[in-house]
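*Asks:* One structure coming up, written as structure tokens, with questions to follow.
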Amino acid sequence: MTASIIDGKDYASRLRGKLKFAVTDLKERYKITPGLAVVLVGNDAASEIYVRNKGIQTKEAGMESFEYRLPEGTSEEDLLSKVEELNSDKSVNGILVQFPVPKHMEQQKIIEKILPSKDVDGLHPVNSGYLSSGLSGMVPCTPQGASMLIKDTLPSLSGLHAVIVGRSNLVGKPIAQLLLKENCTVTICHSRTKNLQATCLSADILVAAVGIPELIKEDWIKKDAIVIDVGINRQQAPEKGEGKTKLVGDVDFEGARKIAAAITPVPGGVGPMTIACLLLNTLMATCSQNNINFSEFKI
Ligand code: NDP
């Protein structure tokens, strides 16, 4: 038996469909159109693609998409002023500054400038504080998407051992908090963890968020575990032709699928969930800013 494939592409597409429906309803009943502003500084190729996809999917969901492309040489002060302007713009419900920003800017300063109520990336310390206190706030998109896929795969997570490899504020820590909220017993691993393989082998749910291609091997996986691969790594793929590349995760997919009960592929697993959850956060932010009960919408 090989593992079943957790199809994030399909899940994300269904979620976007429900959001589109909810946005139509919101517009009809409240005459409100959610607005998402994305700010990109510089010309990073991967960020360009990501921002373009965000814009397309935002419009497809019936939301307003505002894109601001600032030159690489923009000063930190000017970027902070842009964020302030968006904070006070009533047509903007969610603000996302695409990271990484150029090296002369301090990422944390920018995160903290965004109003927590418009922080659809969920990175503001107020929102991470809510998450770690088990309170509702904006939850970072990729961890939120990963958690949805896990909950969709397993009926109950209570008491299961979840091992998260990676402790970033963007991915590892929020996933750990979300799984703790689901009553998992959570272990967080990082670059200084001793006996990483043994720890991974004890995981009922193994989440890899490292950024090292295929770090996690077949013999690191407990039989019938759920494996969630957040990693996105670009690798040379000579088999596809000279100079060609492919995306691989942090898990050796072919090896792991012989042991696990279910696994996310890369691409097509966690990746597509990120933008879908960004749109979800934008809708939630719009509702909360307008005193509308989000649970009115059946998402
Ligand atoms: P970071 O580089 O911020 O964090 C990586 C984490 O992995 C750190 O906590 C680091 O430990 C840990 N780590 C590094 N080497 C090892 C090792 N040998 N053994 C164990 N742990 C190790 O990355 P991100 O969290 O931002 O991203 C992780 C991966 O997820 C990347 O591949 C990224 O591309 C992908 N990603 C995918 C997204 C999506 O699907 N849309 C969105 C965001 C990220 P330490 O803290 O000790 O340095």
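The values are calculated or read from the model by the stated rules, or taken from the named source; none is laboratory data. Nothing here was measured: the structure is a model prediction, and the numbers come from that model. Backbone-built Cβ (ideal geometry, glycine too); neighbour counts: all protein chains shown.
*Asks:* Mind listing just one residue for me: the one in region 28-46 that is touching a Pro at 6+ places or on another chain (Cβ under 9 Å) and at pLDDT 95 or above and, of those, surrounded by the most Cβ atoms within 10 Å (Cβ to Cβ)?
*Replies:* So, considering only residues that are touching a Pro at 6+ places or on another chain (Cβ under 9 Å) and at pLDDT 95 or above, the one surrounded by the most Cβ atoms within 10 Å (Cβ to Cβ) is VAL41.
*Asks:* Looking at region 129-183 only, could you name the residues that are farther than 23 Å from LYS54 by Cβ, within 16 Å of the ligand (Cβ to nearest atom) and aliphatic (A, V, I, L, M)?
*Replies:* Scanning region 129-183 gives ILE150, ALA162, VAL163, ILE164, VAL165, ALA176, LEU179.
*Asks:* Taking region 36-78 only, how many residues are touching a residue at least 60 places away in the same chain (Cβ under 8 Å) and touching a Ser or Thr at 6+ places or on another chain (Cβ under 7 Å)?
*Replies:* Residues in region 36-78 being touching a residue at least 60 places away in the same chain (Cβ under 8 Å) and touching a Ser or Thr at 6+ places or on another chain (Cβ under 7 Å): 4 in total.
*Asks:* Next question. Please work out which one of (1) closer than 13 Å to ILE164 by Cα; (2) within 11 Å of the ligand (Cβ to nearest atom); (3) in contact with a strand residue (DSSP E or B) (Cβ under 7 Å, 6 or more places away or on another chain) is the condition ILE205 fails and give its number.
*Replies:* Answer for ILE205: the failing condition is (2).
*Asks:* Among the strands (runs of 3 or more DSSP E) lying completely within region 28-144, list those that include at least 2 residues that are touching a helix residue (DSSP H, G or I) at 6+ places or on another chain (Cβ under 9 Å) and of a type in the set (Phe, Trp, Tyr).
*Replies:* Those strands (runs of 3 or more DSSP E) span 64-70.
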